[in-house]
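**Q** Below: one structure in structure tokens.
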DNA sequence: ACTTGTCCTGTCATGCCGTCAGCTTACCGA
DNA sequence: TCGGTAAGCTGACGGCATGACAGGACAAGT
């Protein structure tokens, strides 16, 4: 482990300090949900947490630094997404169920953490390696499992050899992430959640197995 | 048409004014490519354009306002993406070609405009209707054509009736957009452009027709 | 040269950023 | 109980971006 939590100037944080730090993170998280990333100011976060800007700078170098912490917290939870895919069978009815549950779990996770995920996505797209790494951490858990699934099916001759497992898995996961972060958009556009999910599951199934699902 | 370009305080902009305005937009566009959205400041844009912040505020209410203009410009170009899909046949070899060219054209457009598209995506995800509308304008041209394609195949009984054309088209387009904006990410992850494209085309073809392509 | 309307900038009040010294609080050993 | 020490917090300050204004520079027509 990395050891204790430390302040910017090197002191180790005690009980009270950690509580303050966490409160700042929570408030930052709330702010990200309610206002554009660009407009989130240190002073607002501090005010909301009932403390002063100076205190904020004791624990984080800047807003971005704090955002990275929030993202890291979420990434830990996100690692649990592996459970949605690993050890699943992609054959027959089980395959369709696997696809459905993957979509369900993925969209749900994204909806619960949409604000911070938006920012992580932006950071990653802008080429910031720290954000990119966090995004990987979350997505890899799913992507790797899917990659393995495709490789497995390929080795059994059930999937064409010219499919690149990594590219396919990555594309599918990127799709899920994108649709998840624009869920509201789809609704305004006249597509209901209820019809969105089966279609995503269908695409996932088609992508992994190359075949229509048995329902 | 919207008529003449106007300054914030209501004057109509003349030849020189429009040139300055455009220069500011160009410089803003460059800044978006080279630094994080959050760090783009009016003063930097103005300096880069060889003018003063005050001039910037003559033409735009704030950075966001100017970004919307840049996005609008790009959206006009983006409307041309329709050509990639409309009037295409999705049957047999022509279908595979259609999928390949769609992917190719889409990724290319995204790569050329990645900086501004990132910001539009963020704005849309944050629920800003103005950004959302612009995103629609670009994607609709493709999405609608794809929706029609699916509907057409459905009416001929070539695609299952329980597929929702809009949801399917929307998901595919979202996937293309997502993969496009994380192209660099894929590369770092070990997936090459060359294997990415065919896989995307495969997914598009599978999604639209429900069948493996004839190459 | 003079007028007119467009265009740009110097300047200023305001507010956020990021840092520091210094004060308060909690813990601990004697 | 009593310092001593480290943790925790904040007021205050220089610096910089914001956004508004009035006034000067410039081009075009008379």
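**Q** Do we have residue B:89 as without any contact (Cβ under 8 Å) to a residue 24 or more places away in the chain, away from DNA strand D (no atom under 12 Å from the Cβ) and within 14 Å of another protein chain (Cβ to nearest Cβ) here?
**A** In short, no.
**Q** Another question, if that's okay. Does residue B:11 qualify as being within 16 Å of DNA strand D (Cβ to nearest atom) and at pLDDT below 90?
**A** Yes, satisfied.
**Q** For the range B:143-171, give me each residue that is in a helix (DSSP H, G or I), more than 16 Å from residue B:86 (Cα to Cα) and more than 7 Å from chain A (Cβ to nearest Cβ).
**A** Hits for the range B:143-171 are B:154, B:155.
**Q** Regarding the range B:166-186, can at least one residue be identified that is farther than 27 Å from residue A:37 by Cα, under 22 Å from the mean Cα position of the chain (by Cα) and touching a residue at least 40 places away in the same chain (Cβ under 8 Å)?
**A** For the range B:166-186, residues farther than 27 Å from residue A:37 by Cα, under 22 Å from the mean Cα position of the chain (by Cα) and touching a residue at least 40 places away in the same chain (Cβ under 8 Å): present.
**Q** Inside the range A:51-71, can you point out the residues that are touching a residue at least 24 places away in the same chain (Cβ under 8 Å) and loosely packed, with under 15 Cβ neighbours inside 10 Å?
**A** Result: A:61, single match.
**Q** Right, another one. Name, by its number, the condition in (1) modelled with pLDDT under 95; (2) part of a helix (DSSP H, G or I); (3) under 24 Å from residue A:186 (Cβ atoms) that does not hold for residue B:127.
**A** It is condition (2) that residue B:127 fails.
**Q** Let me ask something additional. Residue A:65: on the phi > 0 side of the Ramachandran plot and either out of contact with any strand residue (DSSP E or B) (no Cβ under 7 Å at 6 or more places or on another chain) or assigned by TED's automatic domain parsing to the domain that holds residue A:198 (or both), yes or no?
**A** Working: on the phi > 0 side of the Ramachandran plot: no; either out of contact with any strand residue (DSSP E or B) (no Cβ under 7 Å at 6 or more places or on another chain) or assigned by TED's automatic domain parsing to the domain that holds residue A:198 (or both): yes.
When the stated conditions are applied, residue A:65 does not pass them.
**Q** Can you find, within the range B:18-50, the residue that is surrounded by the most Cβ atoms within 10 Å (Cβ to Cβ) among those that are within 11 Å of DNA strand D (Cβ to nearest atom) and more than 14 Å from chain A (Cβ to nearest Cβ)?
**A** The residue in question is B:45.
**Q** Are there any helices (runs of 4 or more DSSP H) wholly within the range A:1-106 with 2 or more residues that are more than 18 Å from residue A:142 (Cβ to Cβ), more than 9 Å from DNA strand C (Cβ to nearest atom) and touching a helix residue (DSSP H, G or I) at 6+ places or on another chain (Cβ under 8 Å), and if so which?
**A** In the range A:1-106, the matching helices (runs of 4 or more DSSP H) lie at A:15-34, A:63-78.
**Q** Going by what's in this entry, would residue B:79 be described as surrounded by fewer than 16 Cβ atoms within 10 Å (Cβ to Cβ), modelled with pLDDT under 95 and not assigned by TED's automatic domain parsing to the domain that holds residue B:154?
**A** Answer is no for this residue.
The values are calculated or read from the model by the stated rules, or taken from the named source; none is laboratory data. All figures in this text were calculated on a predicted structure; none of them were measured in a lab. So basically every Cβ, Gly included, is an ideal-geometry build from the backbone, and we count neighbours across all protein chains shown.
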